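Okay, so here's the structure we're looking at.
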Amino acid sequence: MNEIIMQCNALCKNYSGKQALKNLNLSIKRGRIIGLLGPNGSGKTTLIKIANALLTPSSGQILINDKNPGIESKRNVAYLSDCVCLPDWMKVGELVEFFASYYDNFVTQKAYEMINNLNIDTNVRLKTLSKGNKEKVQLILVMSRDADLYLLDEPMGGVDPATRDYILNTIISNYRENSSVVISTHLIADVENILDEVIFINNGEIVLQDMVDNIREKQGKSVDMLFREVFRC
Amino acid sequence: MQWEFNSDRAIYAQIIEQMKLFIVSGTLKPGDKVASVRELASEAGVNPNTMQKALSELERSGLLFSNRTSGRFITEDESMIQNIKNELAKENIENFLKNMEKIGFDKKQTAELILNFEKRG
């Protein structure tokens, strides 16, 4: 098993003249929970979408398990999009079966257990759920896969603090030693206790990549404080 | 168990301190089994790797010992726990004295204040 699960080499992405990612070099190791942190428009979502083969690089390379993103890599990458992209007319139970039919590493029993623990009725349609419950169901579907890499784009956008705790706990308790979780977010203070490592990205470039405990020991301040300093407007 | 973390120091170091507090305060008793890394991480809201690192450190210092088949336990060596207690007491007194000095009381004056405080009950 390769220790590095995702590798970017001189990765560039341009949108009609605007450079969203500039010559990005990055490697992500197995067995870590990593925060991908940066202000709006810094390239977080672009990077995650390229890793999921939803966008193609303008130049450079991204490798997942030594392969270009595609059908094979999607098998091992579980992706939580930053918007609700599931068919919302489907019932929760139907969505579970839908995921189970799509991914051979989907653990159906695990999904049902988590949904039952939340007392969400599997016979209701996704669109009738509250925003918080929609987010929870989506995360459960993603985390119920036995993947190598979990790419979570803004998993806690616009939900209340109790739901945030639930989401973080779901991530901790489903994370396995040989997989990695990448969480893109602005809510740094909320996630920093569960992160091994952080990557700061700004204007399509990596500004910093370090272990959270290193940052705290060396700088004597939290990642949240450091972020506010680095990205002061 | 109630966990609290401040934001400017390494989390594993804070876990170690709090585990020590749980042990000297009797929340965790000598010979007690410690919950699994995953359970503790989830309870404290921290990364399982960080919890693992902290528990390994506590194991190295002898406060925890592990039994390969049945998990981790709190040391049964009461003198070791007493040592930790003394250490913590010393730290607290040092901090207290430092703070008293900041507001203008030297050690002797502070000691007097404490004695008088005790008498008044």
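Of the conditions (1) open to solvent by 70 Å² or more (accessible area, probe 1.4 Å); (2) aliphatic (A, V, I, L, M); (3) touching a Lys or Arg at 6+ places or on another chain (Cβ under 8 Å), A:Ile71 clears all except one; give me its number. Against the list (1) open to solvent by 70 Å² or more (accessible area, probe 1.4 Å); (2) aliphatic (A, V, I, L, M); (3) touching a Lys or Arg at 6+ places or on another chain (Cβ under 8 Å), A:Ile71 comes up short only on (3). The single condition among (1) more than 14 Å from chain B (Cβ to nearest Cβ); (2) farther than 19 Å from A:Phe227 by Cβ that A:Lys29 does not satisfy is (1).
When B:Glu43 is tested against the conditions (1) part of a helix (DSSP H, G or I); (2) within 30 Å of A:Tyr166 (Cα to Cα); (3) among the acidic types (Asp, Glu); (4) without any contact (Cβ under 8 Å) to a residue 12 or more places away in the chain, the lone failure is (4). For the stretch B:1-12, the candidate set comprises residues that are surrounded by fewer than 15 Cβ atoms within 10 Å (Cβ to Cβ) and touching a residue at least 12 places away in the same chain (Cβ under 8 Å); within that set, the residue that is nearest to the other protein chains (Cβ to nearest Cβ) is B:Glu4.
Surrounded by 20 or more Cβ atoms within 10 Å (Cβ to Cβ), assigned to a strand (DSSP E or B) and of a type outside the set (Phe, Trp, Tyr), is that true of A:Val181? Before you say what the answer is, go through the steps one by one.
Numbers: surrounded by 20 or more Cβ atoms within 10 Å (Cβ to Cβ): yes; assigned to a strand (DSSP E or B): yes; of a type outside the set (Phe, Trp, Tyr): yes.
For A:Val181, the condition - surrounded by 20 or more Cβ atoms within 10 Å (Cβ to Cβ), assigned to a strand (DSSP E or B) and of a type outside the set (Phe, Trp, Tyr) - is met.
Take the stretch B:37-67 and flag every residue that is within 14 Å of chain A (Cβ to nearest Cβ) and in contact with a strand residue (DSSP E or B) (Cβ under 7 Å, 6 or more places away or on another chain). Across the stretch B:37-67, the qualifying residue is only B:Asn47.
Beta carbons closer than 6 Å, at least 6 apart along the sequence or on distinct chains, pair a first residue in the stretch A:193-207 that is away from chain B (no Cβ under 14 Å) and under 18 Å from A:Arg232 (Cβ atoms) with a second that is hydrophobic (A, V, I, L, M, F, W, C) and open to solvent by less than 10 Å² (accessible area, probe 1.4 Å) for A:Phe200/A:Leu37; A:Val207/A:Phe200.
Cβ-Cβ distances below 6 Å connect the following pairs, each with a first residue in the stretch A:48-77 that is in contact (Cβ under 8 Å) with a residue 60 or more places away in the chain, a second residue that is charged (D, E, K, R) and not in a helix (DSSP H, G or I), and a separation of six or more residues or different chains: A:Ile48/A:Asp153; A:Asn76/A:Asp148.
The values are calculated or read from the model by the stated rules, or taken from the named source; none is laboratory data. In this text, all values refer to a predicted model and were calculated from it rather than measured experimentally. Cβ coordinates were reconstructed from backbone atoms using ideal geometry, including for glycine residues, and neighbour counts include every protein chain displayed. Side chains are part of the model used for accessible areas, which takes the heavy atoms of the whole protein and leaves out ligands, DNA and RNA. Shrake-Rupley method; radii C 1.70, N 1.55, O 1.52, S 1.80 Å.
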